[in-house]
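S.K.: Submitted below is the structure of interest, expressed as structure tokens.
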Amino acid sequence: MSAKETKAVTEGGMKLCRGEAANLENLWAQLRSEAEKLCEEEEGLRHLVDDVVLSRGSFAESLAVRLARRLAREDMPRKMIEPLFTEIIAGDAEIARACGRDLLAMFERDPACFSPLEPLLFLKGFMALSTYRVSHRLWHDGRRWLALYLQSISSETFATDIHPAAKIGCGILLDHATSFVVGETAIIEDDVSILHEVTLGGTGKASGDRHPIIRSGVLIGAGAKILGRVEIGTQSKVGAGSVVLSDVPPHTTVAGVPAIVVGQAREKNPAMEMDQHLTCTDWICNI
């Protein structure tokens, strides 16, 4: 294992959630309460909400149903895909906790998200990440063709492309999600915030570790392209539209094409603050 990967501890191919795990029971109770209110306010959504939430016994079961509704196709109808998602999400506490952390990250960090029920029902970033977690488990269980199938239909449905072999932690905010691309050997640690049209891409090498490592607490602005086996240090910030081709030190702000250091991240944790402003050093700002 390389020095860069030493901190990216994995178990069964899935990076473990660190720190306090999402309390799924409390989250589930809140989701049910919100669902009951929604049914009172919008009769037209009652069938969806009852099927996904009110008729289900757990967050894991509810999420499996929601994904099955979105991803069912003629070649794998709901009656086939729903048991698959239920078995994997409900049968693996680590996956359920990671999905719970992702949902809470989107609710807590996205000011446009007014209810924790919104990601479960409507936010494609959350659903794309949850689908990735199922495909990731399948990939490491040796069911690679099925993992790639889920990647394909998830890409069509949610406008994202996340390779099932990539290693992604939990507490991930994938805001808007459209055109988000993650390559096979990419690593994303816990508590990272990523906006739309971000690419974690390779260098064109035929094989080997060729995709980025994103450390915890990083904020990646919309349209940023991070290419090659570069490391984005803990609690750093990548400006919107930047092209990053080399390592970024911790607590650093980079921007530009190609990206250069423009200063230090003002925030203790950019991923949590979601502040897109760039703090520039004098010599950069006066150019």
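Table: residues versus (1) modelled with pLDDT under 95; (2) outside any loop (DSSP other than H, G, I, E, B); (3) farther than 22 Å from residue 99 by Cα; (4) not hydroxyl-bearing (Ser, Thr, Tyr).
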| residue | (1), (2), (3), (4) |
| --- | --- |
| 190 | no, no, no, yes |
| 208 | yes, no, yes, yes |
| 216 | no, no, no, no |
| 222 | no, no, yes, yes |
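S.K.: Given 184, 189, 156, which one is among the charged types (D, E, K, R) and crowded, with 24+ Cβ neighbours inside 10 Å? Lay out the reasoning, then the answer.
M.R.: Numbers: 184 fails: crowded, with 24+ Cβ neighbours inside 10 Å; 156 fails: crowded, with 24+ Cβ neighbours inside 10 Å.
Result: 189 is the single residue among 184, 189, 156 that is among the charged types (D, E, K, R) and crowded, with 24+ Cβ neighbours inside 10 Å.
S.K.: I would also like to ask the following. Out of all the residues in the range 45-63, which are in a helix (DSSP H, G or I) and over 19 Å from residue 88 (Cβ atoms)?
M.R.: First, the residues of the range 45-63 that are in a helix (DSSP H, G or I): 45-54, 59-63.
Hits for the range 45-63 are 45, 46, 47, 48, 49, 50, 51, 53, 54.
S.K.: Answer yes or no as to whether residue 105 is touching a strand residue (DSSP E or B) at 6+ places or on another chain (Cβ under 8 Å) and of a type in the set (Gly, Ala, Ser).
M.R.: Numbers: touching a strand residue (DSSP E or B) at 6+ places or on another chain (Cβ under 8 Å): yes; of a type in the set (Gly, Ala, Ser): yes.
Spelling it out, residue 105 is indeed touching a strand residue (DSSP E or B) at 6+ places or on another chain (Cβ under 8 Å) and of a type in the set (Gly, Ala, Ser).
Listed here are the residues, each with its yes/no results for (1) assigned to a helix (DSSP H, G or I); (2) small (Gly, Ala, Ser); (3) in contact with a strand residue (DSSP E or B) (Cβ under 9 Å, 6 or more places away or on another chain); (4) not assigned by TED's automatic domain parsing to the domain that holds residue 61.
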position	(1), (2), (3), (4)
112	no, yes, no, no
131	yes, no, yes, no
156	yes, no, no, no
170	no, no, yes, yes
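S.K.: May I pose another question? Only residues that are of a type in the set (Asp, Glu), within 14 Å of residue 126 (Cβ to Cβ) and either modelled with pLDDT of 95 or more or surrounded by 19 or more Cβ atoms within 10 Å (Cβ to Cβ) (or both): list them for the range 67-108, please. Working first, answer last.
M.R.: Taking the range 67-108 and keeping what is of a type in the set (Asp, Glu), we get 74-75, 82, 87, 92, 94, 102, 108.
So of that shortlist, the ones also within 14 Å of residue 126 (Cβ to Cβ) come out as 102, 108.
Answer for the range 67-108, where residues must be of a type in the set (Asp, Glu), within 14 Å of residue 126 (Cβ to Cβ) and either modelled with pLDDT of 95 or more or surrounded by 19 or more Cβ atoms within 10 Å (Cβ to Cβ) (or both): just 102.
The values are calculated or read from the model by the stated rules, or taken from the named source; none is laboratory data. Everything numeric here is computed off the predicted structure, so don't read it as measured data. No Cβ is skipped: glycine too gets one built from the backbone with ideal geometry, and neighbour counts run over all protein chains shown.
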